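Comments concern the structure below.
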Amino acid sequence: MKQRLLRLSATLLLGGLALFGVAVVWHNWGDLLTAPSATSAPGASLPASSETLQRGEYLVRAGNCIACHTTRGGAPLAGGRAIDTPFGAVYSSNLTPDADTGLGRWQAQDFWNALHHGRSRGGRLLAPAFPYEHTSVITREDSDAMFAWLQSRPPVRQATPAHTLTWPLGTQPALAVWRVLFFEPSPFRADPQQSAQWNRGAYLVQGLGHCAACHSPRNALGATPGVDALSGGLMPVVNWYAPNLQDDRETGLASTPLSEIVRLLQTGQGQGASVNGPMAEVVQHSLQHLREEDLQAMAVYLRSRAQATSAPTATAAPNASTPAIPSVRASVIDKGSRVYERHCATCHGEQGQGVAGIYPALSGNRAVLLSDPTNLVQTVLSGGYGPATAGHPRPFGMPPFVLELSDADIAAVLTHLRHTLQPPQNRAGEVTPLQVNRIRAMADE
Amino acid sequence: MNAKPPIVAATACRMGYLREMNCFFPHGRRQVGVWLLTGLLASLALPALAQGARKVEDNMAERTRACTACHGDQGRAGPDGYYPRLAGKPAGYLHNQLRNFAEGRRHYGIMTQLVDPLTDTYMGDIAAHFASLHLPYPPPTPSQLEPARLARGQQIVRQGDASRGLPACAQCHGERLTGVLPHVPGLLGLPLDYLNAQLGAWQTGQRKAHAPDCMAEVVKRIPNEDVIAVSSWLASQPLPADTRPAPAPARPLSDPAWRCGSAPELAGGRP
């Protein structure tokens with residue numbers, strides 16, 4: 001009796017596992033049973049028209065593929081750049097048409113499988129550092145145009161190094177299970193209630209733009225909540241906070257005029273806002289090259305998302321739920337104001353008022369008031385320039401203070417900045433030397 | 001005296017061990033003193049400046065404040081004996097250095113972050129700005145190396161070493177060693193630590209120039225023990241009366257066998 005029970009449960013367990021295995025395989029490769037084979041892809045062998053090539057190039061720009069698929073100083077799109085993740089480094093692949101190390105043997109169908117299904121030629125599952133939940137949104141037509149342009153480029157022979165992901169995370173079974181949990185190939189779903197412009201914006205933001213890859217939180221297994229989740233998040237490894245695009249207090253997207261949102265995306269500079277950190281790279285390599293009407297569509301979509309979730313707030317107006325002014329120690333303010341006088345006031349002004357068009361005002365600045373001070377600390381540590389773009393070709397810069405200011409100095413000056421220099425209703429609490437130290441240590445790694 | 005030979009310490013600095021005290025104070029307490037004094041003077045001067053509601057101008061001097069914070073006012077060199085002078089260096093040379101940081105041929109995290117968002121045109125503007133500034137040089141620091149080794153350094157700089165196929169520094173960097181327009185930098189008026197760090201970085205391949213990399217070839221031929229002799233002699237020399245780079249050469253400066261990606265004119269225009 002006991003033995004029969006044991007045998008029964010073992011059978012059930014094995015059966016369950018087998019069923020789970022079949023389900024995992026079905027989830028990851030099931031479409032291959034119905035999909036057309038690679039060789040029968042429509043128009044695969046026809047030479048692409050120059051319009052298609054131009055469109056393909058434009059779409060590759062819109063996807064900012066070059067940023068990850070190029071090493072520093074290396075051949076464009078030849079891959080090999082290490083993308084550091086909390087699970088190890090993933091090396092980007094060679095997108096040039098070299099037969100052995102790039103996409104030379106690929107067909108348009110293979111490229112579609114990579115974008116839409118996150119699978120390489122031959123069915124191997126790709127590591128999700130390649131944001132295929134987003135590229136899955138891209139239409140087949142756009143995918144084919146991108147592929148045609150990539151194939152028209154000169155081949156570069158450059159083998160991609162093997163990923164160095166912690167075992168077993170990079171293995172096919174682990175990726176297969178991860179994808180059961182977090183990935184479903186999903187074409188773009190237009191919202192018929194919205195305008196064509198809104199839908200074009202949504203398509204770009206959710207697909208090629210892959211905005212949520214940074215602007216949403218990642219869970220312990222590195223997955224984001226969805227292609228349209230824009231609730232902000234701390235970017236792992238690079239350690240910058242990508243603001244919540246749905247909250248007007250963080251970005252001003254609901255209250256800023258549309259033309260200013262477009263200007264920010266196009267030039268890196270907008271009304272009372274500028275981009276820095278990883279977003280500077282996005283503006284530099286991708287957004288500044290997009291057509292005005294596409295940027296407008298993105299701005300329309302982003303603004304409507306922000307308006308749907310937050311009431312517009314004027315920067316200096318009281319917050320809806322006027323929070324109690326946090327208390328900070330007088331000694332910290334005192335120290336902070338001295339550091340500010342010595343290092344910051346020369347450019348940003350005694351009262352943090354800035355210089356129009358040259359140095360940003362710090363008083364009433366949304367980026368200064370973010371509850372997470374990571375970006376502020378990063379900015380003080382590395383200083384630097386905003387992106388030099390066609391619309392803003394010679395930006396002014398800020399000196400790096402990484403070697404000059406201690407953790408305590410930076411904590412004090414930021415506390416002063418977020419407290420004393422702000423209108424009373426906006427004051428934020430103390431930044432601690434420990435917070436600064438952690439961010440500095442991560443920047444050093 | 002440092003436990004590590006200075007070249008190792010300086011190279012270690014360049015390789016990223018930035019907050020090691022040795023990097024910034026390789027000469028020990030004397031230099032700390034200089035620093036403190038500079039800091040004291042700055043702390044007295046800057047608030048006074050700030051209170052006078054400084055007029056912020058829309059010009060290159062204002063745009064390069066991120067540079068001059070370390071490289072000194074107008075790029076006249078940093079106070080710490082590491083950050084090199086930028087003022088008056090040939091524009092082509094400075095532009096190439098910015099490109100080298102952007103494209104990974106030179107490695108210094110802070111510089112890379114600074115140049116990453118810039119366009120090649122803007123980097124050229126920045127280079128031209130510093131190249132146009134001709135400022136007086138500070139007096140050189142006397143060397144503590146024994147005279148025989150300094151003489152050896154001078155010999156390599158002036159004549160090279162034919163037995164090793166090593167050309168004289170002066171052959172490309174100009175008779176006056178103040179550089180040659182538009183791509184070759186001057187070698188005088190640079191901090192000893194900076195020179196050591198750079199020669200060390202060329203030796204280890206940490207610093208590169210555009211291929212074909214003639215300077216890498218040259219440095220390979222300097223005997224290890226003579227690197228410090230060369231840098232010490234250079235760092236201890238006063239500047240000549242005319243500190244400007246020599247005009248662009250009318251004909252190739254070097255042996256036709258040498259080809260320089262960073263300064264094609266040296267080998268008769270062949271890249």
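Please average, across the residues of B:92-103, the number of beta carbons from any other chain that are within 10 Å of each residue's own beta carbon, and give a whole number.
Details: counts 0, 0, 0, 0, 0, 0, 0, 1, 1, 2, 2, 4.
That average works out to 1.
Starting from the coordinates of the alpha-carbon atoms of the protein assembly as shown, obtain the Kirkwood hydrodynamic radius over all distinct pairs and give the value in Å to one decimal. The partial results should precede the final answer.
Values: mean 1/r = 0.0349 Å⁻¹.
It works out to 28.7 Å.
In region A:31-182, how does Rg compare with the Kirkwood Rh, expressed as the Rg/Rh ratio over alpha carbon atoms?
Working: Rg = 15.1 Å, Rh = 15.9 Å.
Result: Rg/Rh = 0.95.
On each of the three principal axes of the Cα atoms of region A:180-292, give max minus min coordinate, whole Å, ordered largest first.
Principal-axis extents of the Cα atoms in region A:180-292, largest first: 43, 38, 27 Å.
Using a simple spin-label model with points 7 Å from Cα along the Cα→Cβ vector, what separation in nm is obtained for A:Gln3 and B:Thr112?
Spacing of the two 7 Å Cα→Cβ label points: 6.7 nm.
Just checking the output field for B:112-123: average partner chain Cβ neighbours within 10 Å of each residue's Cβ? Each step should come with its number before you reach the end.
Values: counts 1, 8, 8, 2, 7, 15, 10, 7, 1, 3, 5, 1.
Per residue, the average neighbour count from other chains is 6.
Taking 0.36 nm per residue of separation and subtracting the Cα-Cα distance, what length does fully extending A:Ala311 through A:Arg105 add? Don't skip to the end; give the middle numbers.
Values: separation 206, 0.36 × 206 = 74.16 nm, distance 5.21 nm.
Stretched fully, the A:Ala311-A:Arg105 segment lengthens by 69.0 nm.
For region B:59-135, what D do you get in µm² per second when you plug the Kirkwood radius from alpha-carbon pairs into Stokes-Einstein at 10 °C and 1.306 mPa s?
Numbers: Rh = 12.3 Å.
Approximately 129 µm²/s, per Stokes-Einstein.
Just order A:115-128, A:152-165, A:5-18 by mean Cβ neighbour count inside 10 Å, highest at the front, would you?
Details: A:115-128: 18.4, A:152-165: 15.5, A:5-18: 9.9.
Highest mean packing first, the order is A:115-128, A:152-165, A:5-18.
Looking at region A:260-415 from every direction and averaging, what is the projected area of its Cα convex hull in nm²? Mind dumping the intermediate values first?
Numbers: hull surface 40.7 nm².
Mean shadow area of the hull around the Cα atoms is 10.2 nm².
Ranked from highest to lowest mean number of other Cβ atoms within 10 Å per residue, what is the order of the peptides A:335-342, A:287-294, A:261-268, A:72-79?
Working: A:335-342: 20.5, A:287-294: 16.6, A:261-268: 23.4, A:72-79: 18.1.
Those peptides, ordered most packed to least, come out A:261-268, A:335-342, A:72-79, A:287-294.
Based on the alpha-carbon gyration tensor of region B:93-179 and its eigenvalue square roots a ≥ b ≥ c, which shape applies: rounded if a/c is under 1.5, prolate if not and a/b is larger than b/c, or oblate? Each step should come with its number before you reach the end.
On the way: a/c = 2.23, a/b = 1.90, b/c = 1.18.
Because a/c hits 1.5 or more and a/b exceeds b/c, region B:93-179 counts as prolate.
If you line up the Cα atoms of region A:126-218 on their principal axes, what length do they span on each, largest first, in Å?
Result for region A:126-218: principal-axis Cα extents of 46, 38, 21 Å.
Rounded to the nearest whole Å³, what is the per residue volume of the convex hull around the Cα atoms of region A:330-444? List each step's numbers first, then the result.
Values: hull volume 12.2 nm³, N = 115.
Hull volume normalised by residue count: 106 Å³.
Kirkwood Rh, Cα Rg: Rg to Rh for region A:404-445? Could the numbers behind the result be given before it?
Numbers: Rg = 11.6 Å, Rh = 10.8 Å.
Reported Rg/Rh (Cα atoms, Kirkwood Rh): 1.07.
So, counting K/R as plus one and D/E as minus one, what does the shell of residues with Cβ under 15 Å around B:Leu150 add up to?
0
Considering amide H positions built from the backbone, and no H for Pro or chain starts, which residues 5 or more places from A:Tyr241, or on another chain, come under 5 Å of its amide H?
Long-range HN contacts for A:Tyr241: A:Met235, A:Asn375.
Where does each of A:140-151, A:431-442 land if you order them by average Cβ count within 10 Å, highest first? Write out the running numbers ahead of the final one.
Numbers: A:140-151: 21.5, A:431-442: 17.4.
Result, highest mean first: A:140-151, A:431-442.
Can you work out the base-10 log of I(q)/I(0) for region A:227-307 at q = 0.11 1/Å, using the Debye formula on its C-alpha atoms alone?
Taken in order of the listed q values, log10 I(q)/I(0) reads -0.26.
Measure out, as a whole number of angstrom, how far apart the alpha-carbon centroids of region B:97-167 and region A:103-138 sit.
The distance from the Cα centre of region B:97-167 to that of region A:103-138 comes to 46 Å.
Can you grab the distance from the C-alpha centre of region A:238-274 to the C-alpha centre of region A:375-407, Å, no decimals?
Region A:238-274 and region A:375-407 have Cα centres spaced 18 Å from each other.
How big is the shadow of the Cα convex hull of region B:177-263, averaged over all directions, in nm²?
On the way: hull surface 24.1 nm².
Dividing the Cα hull surface by four gives the mean projection, 6.0 nm².
Taking a virtual spin label 7 Å from the Cα of B:Asp242 along the C-beta vector, which residues in region B:154-191 bring their backbone nitrogen under 16 Å of it?
The answer is B:173-182, B:186.
From Cα pairs below 8 angstrom and at least 6 apart in sequence, can you work out the relative contact order of chain A, rounded to a whole percent? Don't jump to the answer; show the numbers that get you there.
Values: 747 pairs, mean separation 55.0, N = 445.
Computed over chain A, the figure is 12 percent.
Between A:Met442 and B:Glu103, take the C-beta separation as r, use R0 = 30 Å, and let me know the FRET efficiency to the nearest 0.05. Write out the running numbers ahead of the final one.
Working: r = 25 Å, r/R0 = 0.85.
Once rounded, the FRET efficiency stands at 0.75.
Once you treat every alpha carbon in region A:328-380 as an equal point and sum by Debye, what is log10 I(q)/I(0) at q = 0.24, 0.29 Å⁻¹?
Once normalised to I(0) and log-transformed, intensities are -1.11, -1.25.
Within 10 Å of each Cβ of B:55-65, how many other protein chain Cβ atoms are there on average? Don't skip to the end; give the middle numbers.
On the way: counts 1, 10, 2, 5, 0, 1, 0, 6, 6, 2, 8.
Average per residue, whole number: 4.
Coordinate-derived values only; no laboratory data. If you're wondering where the values come from, they're calculated on a predicted model, not measured in any experiment. Neighbour counts are summed over all protein chains in view; Cβ atoms, including those assigned to glycine, are modelled from backbone coordinates with ideal geometry.
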